[in-house]
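Please treat every number below as a calculation from the coordinates, not as lab data. None of these values were measured; they are calculated from a predicted model. Using ideal geometry, Cβ is built from the backbone for each residue, glycine included, and neighbour counts are taken over all protein chains shown.
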Ligand SMILES: Nc1nc2c(c(=O)[nH]1)N[C@H]1C(S)=C(S)[C@@H](COP(=O)(O)O)O[C@H]1N2
Ligand SMILES: [Mo]
């Protein structure tokens with residue numbers, strides 16, 4: 001523990017999200033070529049599970065919260081990922097996750113300040129909850145974005161069923177911890193990945209978790225979730241930077257105090273607990289005013305709360321968003 005802490009402090013800010021600007025530019029030049037080749041490569045090489053290999057989820061109800069902006073392609077959404085458990089490269093998750101991450105058995109624990117705690121097999125966890133489609137914008141803190149047709153359940157339904165006590169003010173989420181599955185959890189020495197206090201964790205205030213936009217996704221493009229996107233269950237909070245949308249969740253914990261979260265712990269000056277998309281508050285090392293939609297040529301303006309202000313601005317009415325970034 002002590003050694004880990006010291007390593008964390010010694011990491012230069014420039015080493016955190018090392019690929020942020022550089023890799024995005026490289027990607028920009030290659031996006032169309034990659035998208036064109038990915039679908040050809042995938043079936044033969046086993047690089048990434050082809051869409052056809054994933055279970056269809058059946059007809060899904062649509063949602064008034066869905067955007068009608070053009071969707072990113074399945075190839076774009078499944079070949080350009082952040083899932084540091086598999087490495088920091090955008091193509092590491094699609095290369096490694098489909099081979100290593102088993103979707104079943106998968107258990108989800110509900111713990112902490114709630115009446116209905118326990119550990120549930122995935123199918124029991126999902127029982128009685130209705131799966132629907134949500135087409136959301138995803139805005140990464142690295143200033144790229146996508147439009148993604150998720151399938152899943154409202155987080156509020158899961159919270160209500162857990163029946164939190166009056167002491168529950170926050171919800172904390174945990175990604176699975178299994179060094180045999182996730183190579184980065186085996187990282188040792190003075191490397192960036194070894195400095196992360198695994199498992200990856202994230203958190204929301206309970207009223208944020210209850211907002212109708214907060215979503216637990218179990219699928220993508222009408223199929224079960226591809227491994228690299230956080231199978232079998234991942235959070236999606238569309239008005240916050242992508243790092244809040246934690247993948248491969250195994251535990252949902254209710255607590256009284258603001259939870260410690262992976263990125264906030266690593267670099268509190270760069271990644272706040274709230275992490276609301278905000279074009280007027282720049283990252284210390286780059287502007288957040290504009291973003292590059294993957295697959296598009298020109299940058300576009302980033303919208304306050306990623307365009308979801310009408311649904312969520314009231315949650316932060318009396319907060320100084322420069323302070324609570
Ligand atoms: N467990 C875990 N969850 C994670 C991450 C991660 O590295 N590990 N990366 C986050 C970041 S930075 C982003 S932008 C989104 C990317 O989701 P996608 O790959 O499905 O587009 O996942 C988030 N969830
Ligand atoms: Mo991100």
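Working value for the range 65-137: equivalent-ellipsoid semi-axes of 28, 21, 12 Å, each the square root of 5 times a Cα gyration tensor eigenvalue, largest first. Averaging 1/r over every pair of different alpha carbons in the range 177-257 and inverting the result gives a Kirkwood radius of 14.2 Å. Once the Cβ-Cβ distance of residue 163 and residue 99 is raised to the sixth power relative to R0 = 45 Å, the FRET efficiency obtained is 0.70.
Taking the average, over residues, of other Cβ atoms within 10 Å as the packing measure, peptides 186-195, 166-175 rank 166-175, 186-195 from highest down. Taking other C-beta atoms within 10 Å as the exposure proxy, 241, 308, 177 rank 177, 308, 241 from fewest upward. Given the range 239-325, report the % of alpha carbon pairs whose separation exceeds 21 Å. In whole percent, the long-distance tail amounts to 38.
With R₀ fixed at 41 Å, the C-beta to C-beta distance from residue 156 to residue 73 puts the FRET efficiency at about 0.85. Normalised by residue number, the volume inside the convex hull of the Cα atoms of the range 181-319 is 158 Å³ per residue. Counted by neighbouring Cβ atoms within 10 Å, the residues 208, 311 run from fewest to most as 311, 208.
Here is the tail figure for the range 12-316: Cα pairs spaced more than 29 Å apart come to 31 percent of all pairs.
What is the range 12-316's relative contact order, in percent, from Cα pairs under 8 angstrom and six or more apart in sequence? Contact order relative to length: 20 percent. With each label modelled as a point 7 angstrom along the Cα→C-beta vector, the residue 286-residue 123 pair spans 4.4 nm.
A Förster radius of 30 Å combined with the Cβ-Cβ distance from residue 131 to residue 314 puts the calculated FRET efficiency at roughly 0.60.
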